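Only one structure is covered here, and it is reproduced in the block below.
The values are calculated or read from the model by the stated rules, or taken from the named source; none is laboratory data. Everything quoted here is computed from the prediction, not taken from an experiment. Here the Cβ positions follow ideal geometry from the backbone for every residue, glycine too, while neighbour counts run over all protein chains shown.
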Amino acid sequence: MRHAVLGPGGVGGVIGAALAGSGSPVTFITRDPDYPTRVSVESDKLGSFEAEVAATTRLDTPVDVLWVTTKATQLEAALPSAPAALVEGTVVPLLNGADHVGRLRELYAAVTPGTIRVEAEKVAAGRFVQRGAFIRVELCGVMAADVAEELEAAGIEARVANDELGMLWRKLVMLAPLALTTTATMRSIGGVRDDPRWRERLLGVFDEACDVAGALGARVDREQSRGLLLAMPDFMRSSMQKDREQERPLELDAIAGPIVRGGREHGIPTPHTSILQSLLG
């Protein structure tokens, strides 16, 4: 399949480079007119490798899969660079949060929501680093099985889900406590868990997210997710934390917003999430 990556940051860069390395044609859609077409990845999961990609500031040839991997704060500005008429298969967003799916469905004929669990970052144009033993993608909807098969061929663990809402909230109940507490403290998750006061805050955000997910009808295994959160590698940091270090806009509305708004709608208190959202806003 032909792939394009809108917003090749850490996540999109690793995904796109892996697909290109396995033989799929890949185009990076980027604001940089001089973006390199030979990209490199240093990955604990995939090893170190280079791959050839095409690069453009605006998609001008048809593709089968459009990966949307911008920051949530950059989505609207990036969308005109990927015309819907050129997406002949499906759009696969891997953004944080849940609200972006509806927006993309307003513009594109087919959207296959996805989530990814990975620590990856762009260290320079065309250079990406992935840390940790896992890259896990979950997909739900049109062409999910076909896209998952291509990811597996590229060395990326992928599975097909049958519950879109549950898939999105299973990610969010893990991401929100990780992102908000590591960013507020500027510590790794290990440093958060080792501090009793911040461990309480971490689990408070987690419980609020699970409560809201349940009220919305999302199926989330609370005990399993709690275990995964507490078992994250000590060194793990969040992309929001890295954004704060670089003084970039934070994805607060995408990550904390659905919890706070959902809590308000269903009468569920969300003090831990609300306090951290206010602190970081």
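The table for this structure:
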read-out: Conditions (1) farther than 22 Å from Ala256 by Cα; (2) crowded, with 21+ Cβ neighbours inside 10 Å; (3) touching a helix residue (DSSP H, G or I) at 6+ places or on another chain (Cβ under 8 Å); number of the one not met by Leu79; value: (2)
read-out: Selection within region 91-109 - without any contact (Cβ under 8 Å) to a residue 60 or more places away in the chain and either assigned to a strand (DSSP E or B) or among the hydrophobic types (A, V, I, L, M, F, W, C) (or both); value: Val91, Val92, Pro93, Leu104, Leu107, Ala109
read-out: Residue under evaluation Ser238, criteria (1) in contact with a strand residue (DSSP E or B) (Cβ under 9 Å, 6 or more places away or on another chain); (2) surrounded by fewer than 22 Cβ atoms within 10 Å (Cβ to Cβ), criterion not met; value: (2)
read-out: Answer from Glu88, Glu119 - the residue that is under 20 Å from Ala72 (Cα atoms), in contact with a strand residue (DSSP E or B) (Cβ under 9 Å, 6 or more places away or on another chain) and assigned to a strand (DSSP E or B); value: Glu119
read-out: Pair list, Cβ under 9 Å, 6 or more apart: region 33-45 residue in contact (Cβ under 8 Å) with a residue 60 or more places away in the chain and under 13 Å from Ile135 (Cα atoms), other residue of a type outside the set (Gly, Ala, Ser) and assigned to a loop (DSSP other than H, G, I, E, B); value: Lys45/Ile156
read-out: Among (1) at pLDDT 95 or above; (2) in contact with a Lys or Arg (Cβ under 8 Å, 6 or more places away or on another chain); (3) hydrophobic (A, V, I, L, M, F, W, C), the one test that Ala256 misses; value: (2)
read-out: Sole residue being out of contact with any His (no Cβ under 6 Å at 6 or more places or on another chain) and either surrounded by 23 or more Cβ atoms within 10 Å (Cβ to Cβ) or within 28 Å of Val142 (Cα to Cα) (or both), chosen from Thr37, Thr70; value: Thr70
read-out: Exclusive hit being modelled with pLDDT of 95 or more and either in the same structural domain as Pro93 (by TED's automatic domain parsing) or out of contact with any helix residue (DSSP H, G or I) (no Cβ under 9 Å at 6 or more places or on another chain) (or both), set Gly190, Gly214, Gly204; value: Gly190
read-out: In region 121-151, residue surrounded by the fewest Cβ atoms within 10 Å (Cβ to Cβ) [restricted to those that are at pLDDT 95 or above and under 15 Å from the mean Cα position of the chain (by Cα)]; value: Arg136
read-out: Residue among Arg222, Arg197, Arg187 that is over 18 Å from Ala256 (Cβ atoms) and in contact with a Cys (Cβ under 8 Å, 6 or more places away or on another chain); value: Arg222
read-out: Hits in region 32-70 (condition: under 20 Å from the mean Cα position of the chain (by Cα) and in a loop (DSSP other than H, G, I, E, B)); value: Asp44, Lys45, Leu46, Thr69, Thr70
read-out: Subset of region 53-63 [in contact with a helix residue (DSSP H, G or I) (Cβ under 6 Å, 6 or more places away or on another chain) and without any contact (Cβ under 8 Å) to a residue 60 or more places away in the chain]; value: Val53, Arg58, Leu59
